[in-house]
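Novice: Take this structure, written in structure tokens, and hold onto it; I'll ask about it next.
The values are calculated or read from the model by the stated rules, or taken from the named source; none is laboratory data. All of these numbers come straight from a predicted model, not from anything done at the bench. Neighbour counts are summed over all protein chains in view; Cβ atoms, including those assigned to glycine, are modelled from backbone coordinates with ideal geometry. Just the protein is used for accessible areas: all its heavy atoms, side chains included, with ligands, DNA and RNA removed. Shrake-Rupley method; radii C 1.70, N 1.55, O 1.52, S 1.80 Å.
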Amino acid sequence: MNESQNNRSQKPQPKGTLGTFGGVFTPSILTILGIILFLRLGYVVGQAGLWQTLIILMLANGISVLTTISLSAMATSLTVKGGGDYYLISRTLGLEFGGAIGLVLFFAQSVSIAFYCIGFGEVISGILQLHAGYFPQVIAAAAVGFLFIFAWLGADWATRLQFVVMAVLVAALISFFVGGLLKWDSALILENWKANSGAPDFWVLFAIFFPAVTGFTQGVSMSGDLKDPGKSLPIGTFLAVGVSLLVYLFACVIMAASLPKETLIGDYNSMQYVAAVDYLIVAGVIAATLSSAMASFLGAPRILQSLSGDRIFPVLNPFVKGVGASGNPRRGVLFSGGIALCTIAIGKLNLIAPIVSMFFLVSYGLLNYATFFEARSGSPSFRPRFKFYDYRVSLFGGVACLVAMLAINVAAGMVAIAFLAAIYQYLKRTAGPSRWADSQRSYHLKMVRQHLFAAAEESEHPRSWRPQLMVFTNTAKRRKAIIQFAAWLQGSSGISAAVQVLEGKGAAMVKQREAAVADLAKQIKEEKIEMFPLAISTPDLETGIHALIQSYGIGPLRPNTILANWIEPLPRFEADENARELGRYMRMAFRQTRNIVLLNNKADNWQKIEELPAGERRIDVWWQGDASSRLMLLLAYILTRNSQWQDARIRVLDMEYEKASEKTVADLEKTLSDFRIDAVPEIVPTRNINTVLAYSADAALVFFPFRLKNFTPLDPFENSLDILFSQLQTAVAVLAAKDIDLDAEPDEGGAAELAAAKDAYSSALEKVEKAEQEADDASKLVEEKLKKLQAAVFSGVDAEAVKRLNADALAAKDAAVKSARKAAKWSVKAMNFKQDLESLGEVISGDDVPEKRRNENELLKSAPIENS
């Protein structure tokens, strides 16, 4: 294993050569400063007015900034390889989300090549006055061919072209800003501050402007060609977003201060009228369209290459091959170029463009959500070096992307989401196991922790009971049937563990235990059953099983039922000895309040059950009105919730009555009705083993209760279980350690008992407080009476007055003593109720019962002297 890991680590990986400026900042800034800046910004300013344009600018760039923060956190927590957004999302949310967004982003960026090139073709056609026919499309196709050469040669050559384009773009912007300052008119700013009277809706204008900011992740698509993605991606992306924000901000102000509203709205080439050198603006438009197309030509093939390398879609596997030291994806370049040419031939970009924009927004939203998901999973592996991060930023960014999608175009947004959902569902059904560790396991573990603690806070109730099975599977040849039966019993609500106990000690047991777990896991997977494999080794079998039953599980998630195979047919003496040994283990589990379920299956009979149609199956439950009977009935019902048993009939046969009558049948029917279980009641005429065999010989499955006597399992007729088991097709013997109230109401059981105890305790505390207050008042009255009495004695008043005062003091003292006794009585009751609550598992912090501040002895000490 270590050797294979070392081989993987030594496998040469293509080394990137691009830095922050050439690999991230340049493609991002050239895509952001595109057609919208040169051909649509003036229109937005004229229609929305300067103040609304600034709001649109801030909202759109707010999404960019929020997503860039998420991107920076992910890029500094993962070693980002090729694929950009796809890589980050797939390594976080899993291959289904990753595969869906990867495929969508590849096609979106490939179509974007055509979108930008057609914009280039329209500009050139306008310059050459060639608007008729297919000239714009021919020019666009020629532009694709020109850019294809640089993309084919590799990112280094394409970057050289980008530097040339950057120089032209900078010259165009300088010309525009210089001309704007020379033509500055403060009166025009006031005129253009307000929106146009007939302007489109705010969100329509937002939709027109928003594509201007959708290029800030172009650098992420180049992640495989970067020397240090973790360092370059945050710096380069933040720099591109910041610089572009300043450019758009100043451009909006210059537009508003240089041209009247009519010109801004009516002429898409209004930027030329502001520039000091107008032909530089034309050069800038050409540079902007070509640079945006080039960035998409570089990004799309690299997303496809990364997607193909993960082998999610087998048809795309050939595109993983790269050329040269950097692994240039030439096959992907060819494919992207073909898609672009086909899109140009179709020419209906007005239909495609909104959906393409939605796909970019979806990718930003998923990138934000992926970062939020990673951060909230609580995984210690999420350690971003980008310190200015908070998970709430990613959550807000994801919500902002969703709102922007719906605000721009509800229909296009729903189409994009539906397309992603379709691919996700397809991959969920067809994709094999993931080739990487994503964050889903961390998220599930966090949810398990959270839910376990939440479940532990709730009191147990029969309504929440479900089978938590510990399935003993020591005999390999009898394992298939018992794990299948366990799967039927647990259904979609219970949890099972397939257990194998190995007896022995020493280092060799470690390998044996690992082999046993692997064998269990293999069989569970082959049978397509949801079950956990578990193997333990112990020097002493009885001690090991005893410890296992007590310790297995965590918090409230502990096995409540032991499922095991009955002993194999053996000579009589050996069978009895084995039955007693099994009985010792069962008694051990029973004393640990675990239900016992014993399955007796024969290979030929089990095969008959599997082949028998569900509608022809019958489950017989032999009823005797005790806890084991109720557990059997519940297990039979749970079986019928499985697709293989859903049409099976349940028959309940009552062994309590020797003679059938209408009354006894009606009683049994009422019991089943109260339990809300659809079963056919029947009263058997006699109560013996022959009756069971006569009635249930043809049943697909038979449940009957058993008990333990001197470690020997016995059937309801005091016979060895082996007699019934040997003569029935497939039978299950059940011994309940706890009774299950099948008709329990929500306000009954432990929860109701706890609520009643809480109410009693709260009421007692109120009584204590009231009684203490009465005792205090009575004590103060005694003190007042005593003071009056003492004052009368010292003042020499007549004896009759002293006598009356003394009587009043004695009466006050008696009342105070009674109040103190009453307070003490309620204090004792409150303490008893508190103990009851604690015995039910309720933790009470502090001492809520007030201390008695004045007891009976203290009052007696202050009693008046009658003869004084």
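Novice: Could you tell me whether residue 562 is buried (at least 16 other Cβ atoms within 10 Å of the Cβ) and either within 30 Å of the chain's Cα centre (by Cα) or not in a helix (DSSP H, G or I) (or both)?
Specialist: Taking the combined requirement at face value, the residue satisfies it.
Novice: Tally time: how many residues in segment 14-69 are farther than 21 Å from residue 115 by Cα, assigned to a helix (DSSP H, G or I) and hydroxyl-bearing (Ser, Thr, Tyr)?
Specialist: 5
Novice: Identify the residue in segment 384-402 that is touching a residue at least 60 places away in the same chain (Cβ under 8 Å) and under 30 Å from residue 201 (Cα atoms) and, among all such residues, is surrounded by the fewest Cβ atoms within 10 Å (Cβ to Cβ).
Specialist: 396
Novice: Something else about it: So is residue 392 within 19 Å of the chain's Cα centre (by Cα) and within 23 Å of residue 60 (Cβ to Cβ) or not?
Specialist: yes
Novice: Look at segment 495-517 and say how many of its residues are closer than 18 Å to residue 475 by Cα and exposed (fewer than 12 other Cβ atoms within 10 Å of the Cβ).
Specialist: 1
Novice: Would you confirm, using the coordinates I've provided, whether residue 268 is under 20 Å from residue 251 (Cβ atoms), without any contact (Cβ under 8 Å) to a residue 24 or more places away in the chain and either in contact with a strand residue (DSSP E or B) (Cβ under 7 Å, 6 or more places away or on another chain) or surrounded by fewer than 21 Cβ atoms within 10 Å (Cβ to Cβ) (or both)?
Specialist: Here the answer is no, as residue 268 does not meet what is asked.
Novice: Continuing with this model, one more query. Here is a list of conditions, (1) in contact with a helix residue (DSSP H, G or I) (Cβ under 6 Å, 6 or more places away or on another chain); (2) within 21 Å of residue 64 (Cα to Cα), and residue 439 meets all of them except one; can you say which number that is?
Specialist: Going through (1) in contact with a helix residue (DSSP H, G or I) (Cβ under 6 Å, 6 or more places away or on another chain); (2) within 21 Å of residue 64 (Cα to Cα) one by one, residue 439 breaks only (2).
Novice: A further question on this structure: Looking at segment 599-643, which of the residues that are touching a Pro at 6+ places or on another chain (Cβ under 9 Å) and crowded, with 23+ Cβ neighbours inside 10 Å is farthest from residue 717 (Cα to Cα)?
Specialist: The qualifying residue farthest from residue 717 (Cα to Cα) is 631.
Novice: Would you list the helices (runs of 4 or more DSSP H) that sit entirely within segment 370-473 and hold 2 or more residues that are among the β-branched types (Val, Ile, Thr) and within 30 Å of residue 231 (Cα to Cα)?
Specialist: Ranges flagged: 391-408.
Novice: Before we move on, is residue 652 buried (at least 22 other Cβ atoms within 10 Å of the Cβ), closer than 17 Å to residue 697 by Cα and of a type in the set (A, V, I, L, M, F, W, C)?
Specialist: Against the criterion (buried (at least 22 other Cβ atoms within 10 Å of the Cβ), closer than 17 Å to residue 697 by Cα and of a type in the set (A, V, I, L, M, F, W, C)), residue 652 qualifies.
Novice: I want to confirm something. Restricting to segment 696-717 and keeping residues that are open to solvent by 60 Å² or more (accessible area, probe 1.4 Å) and in contact with a strand residue (DSSP E or B) (Cβ under 8 Å, 6 or more places away or on another chain), which single residue is farthest from residue 631 (Cα to Cα)?
Specialist: Result: 698.
Novice: So, in segment 330-362, how many residues would count as being under 12 Å from residue 109 (Cα atoms), modelled with pLDDT under 85 and either in contact with a Lys or Arg (Cβ under 8 Å, 6 or more places away or on another chain) or among the small types (Gly, Ala, Ser) (or both)?
Specialist: Result for segment 330-362: 2.
Novice: Looking only at segment 307-341, count how many residues are closer than 22 Å to residue 18 by Cβ and either open to solvent by less than 20 Å² (accessible area, probe 1.4 Å) or of a type in the set (D, E, K, R) (or both).
Specialist: Residues in segment 307-341 being closer than 22 Å to residue 18 by Cβ and either open to solvent by less than 20 Å² (accessible area, probe 1.4 Å) or of a type in the set (D, E, K, R) (or both): 12 in total.
Novice: Return the total of residues in segment 97-122 being open to solvent by 40 Å² or more (accessible area, probe 1.4 Å) and under 30 Å from residue 366 (Cβ atoms).
Specialist: Going through segment 97-122 one residue at a time, the tally reaches 3.
Novice: Next question, about the same structure. Only residues that are in a loop (DSSP other than H, G, I, E, B) and out of contact with any Lys or Arg (no Cβ under 6 Å at 6 or more places or on another chain): list them for segment 693-728, please.
Specialist: Within segment 693-728, 697, 698, 706, 710, 715, 716, 717, 718, 719, 728 meet the criteria.
Novice: Taking interchain pairs and intrachain pairs at least six residues apart, which have beta carbon atoms under 8 angstrom, with the first residue in segment 275-299 and closer than 18 Å to residue 177 by Cα and outside any loop (DSSP other than H, G, I, E, B) and the second modelled with pLDDT under 85 and not hydrophobic (A, V, I, L, M, F, W, C)?
Specialist: Pairs that qualify, where the first residue is closer than 18 Å to residue 177 by Cα and outside any loop (DSSP other than H, G, I, E, B) and the partner is modelled with pLDDT under 85 and not hydrophobic (A, V, I, L, M, F, W, C), are 281/269; 288/34.
Novice: Still on this model: For the condition open to solvent by less than 60 Å² (accessible area, probe 1.4 Å) and touching a His at 6+ places or on another chain (Cβ under 9 Å), what is the one hit in 175, 125?
Specialist: Answer to the check: 125.
Novice: Taking the condition of being surrounded by 18 or more Cβ atoms within 10 Å (Cβ to Cβ) and either of a type outside the set (A, V, I, L, M, F, W, C) or under 16 Å from residue 214 (Cβ atoms) (or both), how many residues in segment 403-421 meet it?
Specialist: Number of matching residues: 7.
Novice: Okay, moving on. Within segment 102-110, identify whether any single residue is at pLDDT below 85, outside any helix (DSSP H, G or I) and under 25 Å from residue 238 (Cα atoms), and answer yes or no.
Specialist: No, every residue in segment 102-110 fails to be at pLDDT below 85, outside any helix (DSSP H, G or I) and under 25 Å from residue 238 (Cα atoms).
Novice: Can you run down the residue pairs with Cβ atoms below 6 Å, 6 or more apart or on separate chains, where the first is in segment 190-205 and farther than 17 Å from residue 58 by Cα and loosely packed, with under 15 Cβ neighbours inside 10 Å and the partner is at pLDDT 85 or above and small (Gly, Ala, Ser)?
Specialist: Note: pairs meeting the criteria are 194/49.
Novice: Could you tell me which of the residues 28, 90, 70 is closer than 29 Å to residue 161 by Cβ and either open to solvent by less than 10 Å² (accessible area, probe 1.4 Å) or without any contact (Cβ under 8 Å) to a residue 40 or more places away in the chain (or both)?
Specialist: 28
Novice: Among what's in segment 763-809 and is open to solvent by 60 Å² or more (accessible area, probe 1.4 Å) and among the polar types (S, T, N, Q), pick the residue that is farthest from residue 829 (Cα to Cα).
Specialist: 795
Novice: If you go through segment 718-741, how many residues are over 30 Å from residue 464 (Cα atoms) and open to solvent by 20 Å² or more (accessible area, probe 1.4 Å)?
Specialist: Qualifying residue count for the region: 8.
Novice: Which residue is surrounded by the most Cβ atoms within 10 Å (Cβ to Cβ), if the candidates are limited to segment 666-689 and must be among the β-branched types (Val, Ile, Thr) and within 24 Å of residue 715 (Cα to Cα)?
Specialist: Only one residue fits best here, namely 671.
Novice: With the structure loaded, tell me whether residue 210 is crowded, with 21+ Cβ neighbours inside 10 Å, under 32 Å from the mean Cα position of the chain (by Cα), aromatic (Phe, Trp, Tyr) and not in a helix (DSSP H, G or I) or whether it fails that test.
Specialist: no
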